[in-house]
Amino acid sequence: MNIGVLSVQGGVIEHINHLKALDVEAIEIKKKEELDEIDGIILPGGESTTIGKIISENGIKDKLVELIKNGLPVWGTCAGMILLAKEIKNDRRRHLCVMDIEVERNAFGSQINSFIVNSKLENISNESIPLIFIRAPYISTLLSGNVEIIHKIDGKIVAARQKNMLATAFHPELSDSLEFHKYFIERMCKQ
Ligand code: GLN
């Protein structure tokens, strides 16, 4: 199985290392042609405006939207979640616009730009795992009944799934835990 990691900017290598630790072939996606080789794709954290602008200019965006609409498994972490969202509450830009969620950028406020919460996530990990938030967004509204909430922190939705699309506001690739990557590979990509 080949899993692509969108390699424009942000936390690319950490996702690649987690995939390698699970014996999965990880492919850095820099050009739209490379999208033909993959069985799933991870959109890493970083700066959503920058990533969105670059993939719009290099043609990755249009091709990726089509592949996701045709069922390609996709997982967006942090900025990646913002790329997937159909609505962004505090930004006029829109990116891939494929997932029925409205997100709010930098939603946890400036005093707590970054924090870690240890949580057990039903269906994903029986043990508590560290959830790392860095200038994180959260999901402010679900735009349809097709989105399943995976996890909330203080009543705020921070992980959700809609069929072939997974979005997390936090960064599992920055912790030692492989549980989220395992979930994406085994439950979403191996069909
Ligand atoms: N704050 C960033 C944005 O709005 C996301 C931060 C991250 O990916 N860690 O794009």
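The values are calculated or read from the model by the stated rules, or taken from the named source; none is laboratory data. The structure presented is a predicted model; accordingly, all values stated were derived computationally and were not measured. Positions of Cβ are backbone-derived with ideal geometry, glycine not excepted, and every protein chain shown enters the neighbour counts. Each accessible area value is taken on the protein alone, full model and side chains, heavy atoms only, with ligands, DNA and RNA left out. Shrake-Rupley method; radii C 1.70, N 1.55, O 1.52, S 1.80 Å.
Assorted remarks:
- Within the chain: Cβ-based charge dipole about Cα centre, in debye rounded to nearest 20 (Lys, Arg +1; Asp, Glu -1): 600 debye
- Rg [Å, one decimal], Dmax [Å, integer] - the chain, C-alpha atoms: 15.0, 42
- Relative contact order (%) - criterion: Cα under 8 Å, at least six apart; region: the range 2-141: 18 percent
- The calculated FRET efficiency for the pair Met1 and Val65, based on their C-beta separation and a Förster distance of 25 Å, comes to about 0.65.
- Dividing the convex hull volume of the alpha-carbon atoms in the range 17-61 by its residue count gives 75 Å³ per residue.
- Prolate/oblate/rounded label for the range 38-90 (Cα gyration tensor, a/c 1.5): prolate
- Computed over protein heavy atoms with a 1.4 Å probe, the carbon and sulfur contribution to the accessible area of the range 137-191 reaches 42%.
- Å² of accessible area per residue within the chain, as computed with a 1.4 Å probe and no ligands counted: 46 Å²
- Accessible area of Met165 in the full protein assembly, 1.4 Å probe (Å², nearest 10): 10 Å²
- The calculated FRET efficiency for the pair Glu127 and Lys163, based on their C-beta separation and a Förster distance of 30 Å, comes to about 0.65.
- By the equivalent-ellipsoid construction on the alpha carbon gyration tensor, the range 96-187 comes out with semi-axes of 19, 18, 11 Å, ordered largest to smallest.
- Taking the DSSP beta bridges with both ends in the chain, the antiparallel portion is around 55 percent.
- Simple point charges give the picture: +1 on the Cβ of Lys and Arg, -1 on the Cβ of Asp and Glu, and for the range 2-91 a dipole about the Cα centre of about 300 debye.
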